[in-house]
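The values are calculated or read from the model by the stated rules, or taken from the named source; none is laboratory data. Only a predicted model underlies this, so the values are computations on that prediction, with no experimental measurement involved. All Cβ positions, even for glycine, are placed from backbone atoms using ideal geometry, and neighbour counts span all protein chains on display. Areas reflect the complete protein model, heavy atoms only, side chains present, ligands, DNA and RNA absent. Shrake-Rupley method; radii C 1.70, N 1.55, O 1.52, S 1.80 Å.
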Amino acid sequence: MTSRPGRRAMDSIAITAPTDASRSGAGSVQYQLRQYAESTLGKSSLHEAVLLPEGESLDEWVACHIVDFYNHINMLFMSISHHCTDDTCPKMCAGESYSYLWRDGVNYREPTNLPANQYVKLLMKWIDEQLDDTRLFPVDLGHPFPPNFRPDVASQILRRMLRVYAHLYWHHYPQICQVGLATMLNTSFTHFTLFVTKYKMVSDTELQVVKDVIKILA
């Protein structure tokens, strides 16, 4: 049976750049979808880039984007991680009105307040484990995604990713600018918001935390 190459497990604190050595390796459906998305980004607008290619699976399209957003967030957070310490960011938040507690149902069974850097590290590890779980992200062609993939699995991952974007904008945007990654952050975030709103993966209520950023970048 034809397979998609397995996604390489990545240490979210050690990664230095997005990788193609993943579930979306060369020759796979994921790789072809990524190539389509990247070619669209180069030719037209981000609005066009989120449109599902004709004849392709929406589940595959969502999975492809999750991998890409995961890589973007990893690199962006890595670039300023030395500014996000227990002292500077003692809790995972976005401004004074939004705070996020960590719960994974295993090591943290109850919502727990953690420093932002620890929260992000645990989140990236958790996402990595989701991506490597072939019951959630099937590797073999012909194996369907679970029925709850988009409403539960993918939506939860994307909602949690949003929290990292929000923390970066609220608390580390000057540092992002200093390392020359403001354009990457703004492009990645705009792509993210267009995608999750197009396919209703994240609610408008969740997006309120970054509504001003969305308005500015529109």
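On a 1.4 Å probe surface of the protein chains, which of 61, 170 comes out largest in accessible area, and what is the full order? Show your work: numbers first, answer last.
Numbers: 61 0, 170 135 Å².
From most accessible down to least: 170, 61.
Loop-located trypsin sites (Lys or Arg not before Pro) in the stretch 115-218 (DSSP state other than H, G, I, E, B) with a sparse environment of at most 12 neighbouring Cβ atoms within 10 Å: 135, 200. Counting only residues at least eight positions apart within a chain, or on another chain, the lysines with an alpha carbon under 21 Å from that of residue 121 are 91. Listed by chain and number, the lysines whose C-alpha is less than 25 Å from the C-alpha of residue 198, apart from same-chain residues fewer than 8 away, are 43, 211, 215.
Which of the chymotrypsin sites (Phe, Trp or Tyr not before Pro) across the stretch 84-159 are loop residues per DSSP, with 15 or fewer other Cβ within 10 Å? Let's see the in-between values first.
Working: sites: 98, 100, 102, 108, 119, 126, 149; in loops: 100, 108.
Of the chymotrypsin sites (Phe, Trp or Tyr not before Pro), the ones in loops of the stretch 84-159 whose Cβ has at most 15 other Cβ atoms within 10 Å are 108.
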